[in-house]
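Peer 1: Attaching a single structure in structure tokens format; questions to follow.
The values are calculated or read from the model by the stated rules, or taken from the named source; none is laboratory data. Since the model is a prediction, treat every value here as computed from it, not as a measurement. Here the Cβ positions follow ideal geometry from the backbone for every residue, glycine too, while neighbour counts run over all protein chains shown. Side chains included, ligands, DNA and RNA excluded: accessible areas come from the protein's heavy atoms. Shrake-Rupley method; radii C 1.70, N 1.55, O 1.52, S 1.80 Å.
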Amino acid sequence: LCQLYRDKDAVEKDFQDIKGVIKLRPIWHWTMPKIRAHVTLCTGALSVLRLFQERLSACNIKDSYQSVLRKLQQIYLNDIMGQSQSTSIYTITRCSHEIKDILNALNLIKLTDDREMAVHITHR
């Protein structure tokens, strides 16, 4: 009985994470396919969040995942459009040393390289 109660507590904590960090709000679905899709997206988001926490821990990053996510939200992909609609230049927001250290530890430092990102992005 105690284990069931603890498990329920863990599930409630996960739903708090989904609603808080990922900022999901109540959505009312009436058909079973939509309900299944919504639950699948929520569990997928939670899985990505847990994987992110594990990577932070493995890299000895002491900040909470919420703190790291807030820091990473400062990075933007900027689309600078030329005179014609077909000409675009992509740049990444300049990162602080702290953010670069986090991305380097997570093996995501390529996200700060303008040329690297331009190769993988096509204008719509």
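Peer 1: Looking at this structure, is residue 86 of a type in the set (Gly, Ala, Ser) and either in a loop (DSSP other than H, G, I, E, B) or modelled with pLDDT under 85 (or both)?
Peer 2: Criteria met by residue 86.
Peer 1: Within segment 58-79, can one find any residue that is within 13 Å of the chain's Cα centre (by Cα), closer than 15 Å to residue 106 by Cα, free of Cβ contacts under 8 Å to residues at least 60 places away in the same chain and surrounded by fewer than 11 Cβ atoms within 10 Å (Cβ to Cβ)?
Peer 2: No - not one qualifying residue is present in segment 58-79.
Peer 1: Give me the residue from segment 28-57 that is exposed (fewer than 10 other Cβ atoms within 10 Å of the Cβ) and outside any helix (DSSP H, G or I) and, out of that set, modelled with the highest pLDDT.
Peer 2: 31
Peer 1: Hey, among the residues in segment 89-104 that are open to solvent by less than 90 Å² (accessible area, probe 1.4 Å) and under 13 Å from residue 117 (Cβ atoms), which one's modelled with the lowest pLDDT?
Peer 2: 90
Peer 1: Just a yes or no: is a residue in segment 89-100 under 30 Å from residue 10 (Cβ atoms), of a type in the set (Lys, Arg) and assigned to a helix (DSSP H, G or I)?
Peer 2: For segment 89-100, residues under 30 Å from residue 10 (Cβ atoms), of a type in the set (Lys, Arg) and assigned to a helix (DSSP H, G or I): absent.
Peer 1: List every residue pair whose Cβ atoms lie under 8 Å apart, where the two residues are 6 or more positions apart in sequence or sit on different chains, the first residue falls within segment 111-123 and is at pLDDT 80 or above and open to solvent by less than 70 Å² (accessible area, probe 1.4 Å), and the second residue, located anywhere, is part of a loop (DSSP other than H, G, I, E, B) and among the hydrophobic types (A, V, I, L, M, F, W, C).
Peer 2: Close Cβ pairs satisfying both conditions: 112/75; 112/95.
Peer 1: In the list 22, 18, which residue meets the criterion of being modelled with pLDDT under 85, in a helix (DSSP H, G or I) and under 14 Å from the mean Cα position of the chain (by Cα)?
Peer 2: Testing whether each residue is modelled with pLDDT under 85, in a helix (DSSP H, G or I) and under 14 Å from the mean Cα position of the chain (by Cα) leaves just 18.
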